[in-house]
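Beneath this line is the structure, given in structure tokens, with notes to follow.
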Ligand SMILES: [Zn+2]
């Protein structure tokens, strides 16, 4: 058993952590409700983080103390208590207290939307986030926003992808953070922060026994931290950082609403475990499983992302339905108290994701077919022939089942985004 558990540690859930592929588009559509329009159009000047940290050095000491007290009441075990010092209100002091990548910066940027003209001197995504690939099918351009006025909408959308850029990278070699060794993720990506973007809280005892660290995701820790930071910023007249930290909290919550981020092996049923039990080569069985889940996960992200990107340019009935799902639904917590932590919302989102995971995974397999979703020798990451747009040439009937199922997690993503934003704006 030990041999397999070690093996599974390295190979299970090897996917990277982009959640919905492009959070800025999900956030934009999720916030597209008449009630939020006034707030989203509000303008504020972009503010360097150093100014916020210096101005709020006293409340930040209390904020971090409160955060680590809260963390001690949760099942999270992978942390050492951090402190923010009033005498060191610098970016590095902040990154250490928050246990984020000490090399991270928070550049002042604005992201271009697919419907806008290309920028003259764009800053490409791989300059901001060196690990990301540039794909001409998608919009990945930014411009400098130093000293500029920005709307709340621009801040919330631009930075709802920021947690994927640098802050969660290369944290496993910093002993004073207490994260321990990487619980899962690709062996060839030792810097990967996937465990901060996924949380498998609903695995059965077989998976838990085979891979005890499968439950060690830390998405909730991040959501709560950025919720608290956002509340502080909004309540102390730093709306720029109120919105930017809210965008971070929203990112992790949206990740959780993507079923592959909440369920380790969506297609694992009784039959799967039975086959595993009788399999002669269990290591291969696990390796194959991992490859299949990884492929399906990444295909699904691209599927949604393509609709989100292109609907600004070409509207189809499918894209309309998906966009509508994002802005429909009700707040997930009807009356938000000023002291409400992110725990209840997190639990609800996670449960909904797990509930739809099996059905969604089935629909992904149907649309993309056996070669890409049923053959473990196929690797999405190294498929040079793959084109994200190819799937849309299928008939509407063929795509319909997946579009229909995907509306459920997108509704959750939208509801969770708006609920969390409201929580950020209700300062304690
Ligand atoms: Zn993520």
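The values are calculated or read from the model by the stated rules, or taken from the named source; none is laboratory data. Predicted model only: the values in this text are computed from it and were never measured. Here Cβ is always computed from backbone atoms with ideal geometry, including for glycine, and neighbour counts include all displayed protein chains.
Here are the numbers for the structure shown:
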quantity: Failed condition for residue 237, given (1) assigned to a loop (DSSP other than H, G, I, E, B); (2) touching a helix residue (DSSP H, G or I) at 6+ places or on another chain (Cβ under 7 Å); (3) without any contact (Cβ under 8 Å) to a residue 24 or more places away in the chain; calculated: (2)
quantity: Filtered residues of region 316-346 (kept if touching a residue at least 12 places away in the same chain (Cβ under 8 Å), under 19 Å from the mean Cα position of the chain (by Cα) and assigned to a helix (DSSP H, G or I)); calculated: 322, 323, 325, 326, 327, 343, 345, 346
quantity: Yes/no for residue 310 being under 24 Å from residue 385 (Cβ atoms) and either in contact with a helix residue (DSSP H, G or I) (Cβ under 7 Å, 6 or more places away or on another chain) or crowded, with 17+ Cβ neighbours inside 10 Å (or both); calculated: yes
quantity: Among (1) away from the ligand (no atom under 16 Å from the Cβ); (2) in contact with a helix residue (DSSP H, G or I) (Cβ under 6 Å, 6 or more places away or on another chain); (3) over 26 Å from residue 414 (Cβ atoms) - the single one residue 242 does not satisfy; calculated: (3)
quantity: Total residues in region 21-79, condition in a loop (DSSP other than H, G, I, E, B), over 21 Å from residue 321 (Cα atoms) and either within 16 Å of the ligand (Cβ to nearest atom) or touching a strand residue (DSSP E or B) at 6+ places or on another chain (Cβ under 7 Å) (or both); calculated: 2
quantity: Every residue from region 215-234 that is in contact with a helix residue (DSSP H, G or I) (Cβ under 6 Å, 6 or more places away or on another chain) and modelled with pLDDT under 90; calculated: 217
quantity: Whichever residue in region 253-283 is within 16 Å of the ligand (Cβ to nearest atom) and farther than 15 Å from residue 361 by Cα and, among such residues, is surrounded by the fewest Cβ atoms within 10 Å (Cβ to Cβ); calculated: 254
quantity: Qualifying positions in region 80-100 - under 22 Å from residue 224 (Cβ atoms) and surrounded by fewer than 18 Cβ atoms within 10 Å (Cβ to Cβ); calculated: 80, 81, 83, 85, 91
quantity: Within region 111-227, helices (runs of 4 or more DSSP H) holding 2 or more residues that are surrounded by 21 or more Cβ atoms within 10 Å (Cβ to Cβ) and more than 14 Å from the ligand (Cβ to nearest atom); calculated: 152-158
quantity: Residue list for region 122-155, filter: free of Cβ contacts under 8 Å to residues at least 60 places away in the same chain and under 21 Å from residue 192 (Cβ atoms); calculated: 125, 126, 127, 128, 129, 130, 132, 133, 134, 140
quantity: Residues of region 360-391 classified as crowded, with 16+ Cβ neighbours inside 10 Å and either touching a strand residue (DSSP E or B) at 6+ places or on another chain (Cβ under 8 Å) or part of a helix (DSSP H, G or I) (or both), total; calculated: 12
